[in-house]
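Presented below is the structure to which this report refers.
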Amino acid sequence: MGSTTATTVAQGGSFLANILPLVVLFGIFYFLVIRPEQKRVKKHREMLESLKKGDKIVTNGGLIAEIVRVEKYFFKIKLDDKVEARLDKESIVRKLDDED
């Protein structure tokens, strides 16, 4: 009976030794990939929520436009004096600052 207990303890230690590298790899993966991506998504969402009429933006396609009206899922944008369009909010890459 004594040897059975020793074998069980040894197997338990072996399990911990086998699972520890996986936990460490997940931790590294989390801090190098998942967490920075979550921060980037949060920053982009905050930028979209802060956009208002008159802001200049850059779209995924590289167009520079001015926001005319803010809607729930879309922006009405002005590309030129005569050209207006609706743009999905997720298609906006960034807001142009005054110095851009």
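Scoring K42 on the criteria (1) at pLDDT 95 or above; (2) surrounded by 11 or more Cβ atoms within 10 Å (Cβ to Cβ) leaves a single failure, condition (2). The number of residues in region 41-74 that are part of a loop (DSSP other than H, G, I, E, B), among the basic types (K, R) and touching a residue at least 40 places away in the same chain (Cβ under 8 Å) comes to 0.
The values are calculated or read from the model by the stated rules, or taken from the named source; none is laboratory data. Note that the coordinates shown come from a computational prediction; the quantities given were computed from them, not determined experimentally. As a convention, Cβ positions derive from the backbone with ideal geometry for all residues, glycine included, and neighbour counts pool all protein chains shown.
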